[in-house]
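Worksheet for the structure shown next.
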Amino acid sequence: MSDGQVGDHYAAMQAGFYWQVPRHFNMAQACCGRWAQQPDAAERVAVIEHSVGAKPTTYSFAQLQAQANRLSHALAGLGVRCGDRVAIVMPQRFETAVAYIAVLQLGAIAMPLSQLFGPEALEYRLQDAAASAAICDEASLDSLLTARTTCLALQTVIGLGAGAERADHEWHALLAKARERFDAEDTLADDPAVLIYTSGTTGPPKGALIPHRALIGNLPGFVCSHNWFGFDPAAPGRPSHAVFWSPADWAWTGGLMDALLPSLYFGRPIVAYNGRFDPREALEILSRHRVTHSFLFPTALKAMMKAVPHPRPRYALHLQGLMSAGEAVGDAVFAYCRKELGVVVNEMFGQTEVNYIVGNCAMNRAPTLRTGVSALPPKGAQPALGRPGGGLMPIDRAPAAAPGRPKQGAAPSGGSEAHAVASVGAAAAPGRPKQGAAPSGGSEAHAVASVGASFVGWPAKPGSMGRGYPGHLVTVIDEQGDEVPVGEPGEVAIRRTDIHGHHDPIFFLGYWNNEAATRAKFSGDWWRTGDVALRDADGYLWYQGRADDVFKAAGYRIGPGEIENCLVKHPAVLNCAVVPKPDAARGALVKAYVVLSPDFVAARARQTGAAAQFDLELIATLQEHVKGKLAPYEYPKEIEFIDQLPMTTTGKVQRRVLRVQEEERARAAGQL
């Protein structure tokens, strides 16, 4: 895509979108099985394993399916049945992809668990889910075997790598004895597929039960946030040559549902790297494997910006699309991505329970709308509550009861599993593949890019979460469940149904064994995300923080995101978090916890006997930095330097931990 200006086609894309969810659908079949049946299956690359300083190893869709079939047979022989939970405690590697495909096509429920979990964290989740089997490699085997002692339902542990003989079964020996053909379970789209435990940002983790159809619900956001993922909107029959990489752990929603599965769904390779995130190695991966599309957390982008301010002289970058989520990107990182990485970052917002619901589709072009939250709506703009629909059709040809249009739940015209993601514009153009036709070969590939070029994309406003993606009806509501006016904070919410009254497939089935917690998240048909945002006149959302992160100081409402974004622009700040510090007179003071950048850490270490003075001067400098850019009441009255922020394993800052710490300190000092 050129770096020109993108028009705002949001209203047309929303109005023309229709969901097409078949009654029967299986993630494994859509992501691997159908590609393995194609003539090029042995050559089509599915996974590229990156090794530092060594040649990569590539695996084809044929290899992925063959190994998955063997594992499915082996699991079935060990007593795993439809609906059983199978824990997968594995890093980014080929065998992890094999495990997911095998479990999903078996009709069992894949249960991703992070390798960062210790025995107690594993024990809690394994017991809660009553998992019957677990698959792990050497990095997690000790913790898993320790946790197993109290998990009575866990009958089978399959080990891979060093020490695997201590497991019940060694991976390679087990698969060597299994058959290479397997008939996948004919699951319903509503059948459970994945049980992912929430990251614990706001409390104890809960198991979110994800159906197979949720992958379809992800697709509009995935395609939009990756600027059509290498497909050409003006030539829908032209194949994509996308290569994807993200450091996101495949044990979390961001790595599994936003990276691994959608990349495979479109028949494109994903790079796997089993190593700690390093900003320079990240740029090496992007360069060496000619990665075209990536998902990078804001914390990762900040680290890259600080470590390698000008990467392109050293690294050959080929990015066509970049999505970021988990925290607000901020305009400093936004500018770095555009100027230094050569791509306009599309922010995305979603949750484990309702994923990929808000974001941007800049098509790698410059923003054209004003970036303030007070921006006026463009002439003819759709109202902010414009209802999203699903499989994009031309807006003048999309009445709810259009003759010949398949009813909700029926398969579209191009095959039993064709799920139109974007078929807007030029519907009857000569030579255009019919809706549902394969974008890149394959009789059941799903339409991605059948959109007239003039209908694609909307500008990304630096610092904004974006708008509700096609197919998702998203707004901002108050405590009573009513939509709040433009410019006022409220809770981000998504409705169960779209503009056409069709059910949105993105919704999870509920919290595992916790119906009360599921009900508590709904206000009627609205799912409350627990995240606070402002909506501007153009319908863009501006993240303010978790509902319990926003606080009042001296009567002023404080959202930490704006202050954190301002602080990180200073060269001394690598990362930061803003929380309330209890204060008897004003209720709370604004306090910032700051992680210093490497250069300032080194400078601080050189201040022999004068570190305290160095800190005082730097604190004053940072306070003046914020005072000069934000409102006077927003600058942090107190700044504390720390080595690292408390983070979830998905890369989100746990402000709650710091807030509780401040409350405990105040209580110990007799201030509470």
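The values are calculated or read from the model by the stated rules, or taken from the named source; none is laboratory data. Just so it is clear, the structure is predicted and the values come from calculations on it, not from any experiment. All Cβ positions, glycine included, derive from the backbone under ideal geometry; neighbour counts span all protein chains shown. Please note that ligands, DNA and RNA were not included when accessible areas were found on the heavy atoms of the full protein model with its side chains. Shrake-Rupley method; radii C 1.70, N 1.55, O 1.52, S 1.80 Å.
So, in the stretch 243-280, of the ones that are part of a loop (DSSP other than H, G, I, E, B) and charged (D, E, K, R), which residue ends up farthest from R125 (Cα to Cα)?
Of the stretch 243-280, the ones part of a loop (DSSP other than H, G, I, E, B) are 243, 246-252, 266-269, 273-278.
Next cut, charged (D, E, K, R) only: 249, 268, 276, 278.
Working: D249: 17, R268: 32, R276: 24, D278: 29 Å.
Checking each candidate, the answer is R268.
Tell me whether the stretch 62-79 contains one or more residues that are part of a loop (DSSP other than H, G, I, E, B), open to solvent by 30 Å² or more (accessible area, probe 1.4 Å) and of a type outside the set (A, V, I, L, M, F, W, C). Give the steps one after another, and end with the answer.
Let us first name the residues in the stretch 62-79 that are part of a loop (DSSP other than H, G, I, E, B), namely 78-79.
Filter again for open to solvent by 30 Å² or more (accessible area, probe 1.4 Å), leaving 78-79.
In the following step, the residues that additionally are of a type outside the set (A, V, I, L, M, F, W, C) were identified as 79.
Checked against the condition, which is being part of a loop (DSSP other than H, G, I, E, B), open to solvent by 30 Å² or more (accessible area, probe 1.4 Å) and of a type outside the set (A, V, I, L, M, F, W, C), the stretch 62-79 yields at least one hit.
Looking at the stretch 514-533, is at least one residue part of a loop (DSSP other than H, G, I, E, B), at pLDDT 95 or above and under 22 Å from the mean Cα position of the chain (by Cα)? Talk me through it step by step, then tell me what you get.
First, pick out the residues of the stretch 514-533 that are part of a loop (DSSP other than H, G, I, E, B): 514, 521, 524-525.
Narrowing the set further to residues that are at pLDDT 95 or above leaves none.
No, that holds for no residue.
When both residues are 6+ apart or on different chains and their Cβ atoms are under 7 Å apart, which pairs have a first residue that lies in the stretch 169-192 and is free of Cβ contacts under 8 Å to residues at least 40 places away in the same chain, and a second that is among the small types (G, A, S)? Pairs found: E170/G159; E170/A164. With (1) in contact with a helix residue (DSSP H, G or I) (Cβ under 8 Å, 6 or more places away or on another chain); (2) open to solvent by 10 Å² or more (accessible area, probe 1.4 Å) as the list, and L219 as the residue in question, which single condition is left unmet? The number of the failed condition is (2). Would the stretch 95-106 turn up any residue that is open to solvent by 40 Å² or more (accessible area, probe 1.4 Å) and in contact (Cβ under 8 Å) with a residue 40 or more places away in the chain? Scanning the stretch 95-106 turns up no residue that is open to solvent by 40 Å² or more (accessible area, probe 1.4 Å) and in contact (Cβ under 8 Å) with a residue 40 or more places away in the chain. Please work out if A87 is surrounded by 20 or more Cβ atoms within 10 Å (Cβ to Cβ) and either in contact (Cβ under 8 Å) with a residue 60 or more places away in the chain or not in a loop (DSSP other than H, G, I, E, B) (or both). Yes; evaluated as a whole, the condition is true for this residue.
M111 falls short on exactly one of the conditions (1) assigned to a helix (DSSP H, G or I); (2) surrounded by 24 or more Cβ atoms within 10 Å (Cβ to Cβ); (3) not polar (S, T, N, Q), and that condition is (1). In the set G342, G380, G330, G350, only one residue is more than 14 Å from the chain's Cα centre (by Cα), modelled with pLDDT of 85 or more and of a type outside the set (S, T, Y); that residue is G342. For A603, the test of being surrounded by fewer than 19 Cβ atoms within 10 Å (Cβ to Cβ), farther than 24 Å from G545 by Cβ, without any contact (Cβ under 8 Å) to a residue 40 or more places away in the chain and in contact with a helix residue (DSSP H, G or I) (Cβ under 8 Å, 6 or more places away or on another chain) is passed.
Of everything in the stretch 242-268 that's of a type outside the set (A, V, I, L, M, F, W, C) and open to solvent by less than 10 Å² (accessible area, probe 1.4 Å), which residue is nearest to the chain's Cα centre (by Cα)?
Start the filter on the stretch 242-268 by keeping residues that are of a type outside the set (A, V, I, L, M, F, W, C), which leaves 246-247, 249, 253-255, 258, 262-263, 265, 267-268.
Checking which are open to solvent by less than 10 Å² (accessible area, probe 1.4 Å) leaves us with 246, 255, 258, 262-263, 265, 267.
Numbers: S246: 10, G255: 7, D258: 5, P262: 11, S263: 13, Y265: 16, G267: 19 Å.
Going through the qualifying residues, I end up with D258.
From the residues in the stretch 5-33 that are under 30 Å from A62 (Cβ atoms) and in a loop (DSSP other than H, G, I, E, B), which one is most open to solvent (accessible area, probe 1.4 Å)? Residue satisfying both the conditions and the ranking: R23.
Given the structure, is Y593 open to solvent by 10 Å² or more (accessible area, probe 1.4 Å) and modelled with pLDDT of 95 or more? No; evaluated as a whole, the condition is false for this residue.
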